[in-house]
1. Looking at 45, 62 in this structure, which one is of a type in the set (A, V, I, L, M), within 26 Å of residue 13 (Cα to Cα), at pLDDT 85 or above and part of a helix (DSSP H, G or I)?
2. Answer with yes or no whether residue 33 is surrounded by 15 or more Cβ atoms within 10 Å (Cβ to Cβ), part of a strand (DSSP E or B), at pLDDT 80 or above and out of contact with any Lys or Arg (no Cβ under 7 Å at 6 or more places or on another chain).
3. Residue 56 fails exactly one of the following numbered conditions: (1) under 20 Å from residue 96 (Cβ atoms); (2) surrounded by 12 or more Cβ atoms within 10 Å (Cβ to Cβ); (3) hydroxyl-bearing (Ser, Thr, Tyr). What is the number of that condition?
4. List the residue pairs whose Cβ atoms are under 7 Å apart, where the first residue sits in segment 1-22 and is more than 18 Å from residue 44 (Cβ to Cβ) and part of a helix (DSSP H, G or I), the second is among the charged types (D, E, K, R) and at pLDDT 80 or above, and the two are 6 or more positions apart or on different chains.
5. With respect to residue 22, is the statement that it is surrounded by fewer than 11 Cβ atoms within 10 Å (Cβ to Cβ) and closer than 24 Å to residue 94 by Cβ true?
Amino acid sequence: MMRRCELPARDLRLLDPLFVYPSTVLGCERAIVVNLEQIRCIITADEVLLLNSFNSYVFQYAAELQRRLLQCAEGDELPFEFRALELALEAACSFLDAQLHLWVQELVP
């Protein structure tokens, strides 16, 4: 992966599930390294490399990304990387919102 995306090992450490890092979006020359709650991925100019793709939130992210790319309007001038990053941010916000609703339901009988 390091060679494929031309990323140094220190940048890939952000994706390691054994280490606890705060949510991070790291822009590199040829890739964007994303660590947002459940979404951990590397976004390049033409692909998204997902980690933990069996997680339900990650699976939903991949399905929604495919759907949006297929329905992409011709007038949409955003590059692929920005569309993938935008959706990753939306997915992380949705995850946090769902967690908040669960906590509120537990606290307020």
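1. Details: 45 fails: part of a helix (DSSP H, G or I).
Answer to the selection: 62.
2. Values: surrounded by 15 or more Cβ atoms within 10 Å (Cβ to Cβ): yes; part of a strand (DSSP E or B): yes; at pLDDT 80 or above: yes; out of contact with any Lys or Arg (no Cβ under 7 Å at 6 or more places or on another chain): yes.
Answer is yes for this residue.
3. Of everything listed in (1) under 20 Å from residue 96 (Cβ atoms); (2) surrounded by 12 or more Cβ atoms within 10 Å (Cβ to Cβ); (3) hydroxyl-bearing (Ser, Thr, Tyr), residue 56 misses just condition (2).
4. From segment 1-22, no pairs qualify.
5. Here the answer is yes, as residue 22 does meet what is asked.
Rundown of residues vs (1) out of contact with any Asp or Glu (no Cβ under 8 Å at 6 or more places or on another chain); (2) aromatic (Phe, Trp, Tyr), yes/no style:
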{"position": "1", "(1), (2)": "yes, no"}
{"position": "5", "(1), (2)": "yes, no"}
{"position": "15", "(1), (2)": "yes, no"}
{"position": "21", "(1), (2)": "yes, yes"}
{"position": "27", "(1), (2)": "yes, no"}
{"position": "38", "(1), (2)": "yes, no"}
{"position": "44", "(1), (2)": "no, no"}
{"position": "47", "(1), (2)": "yes, no"}
{"position": "51", "(1), (2)": "yes, no"}
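The values are calculated or read from the model by the stated rules, or taken from the named source; none is laboratory data. Computed from a predicted model, the values in this text were never measured in an experiment. In this analysis, Cβ positions are derived from the backbone assuming ideal geometry, glycine residues included, and neighbour counts consider all displayed protein chains.
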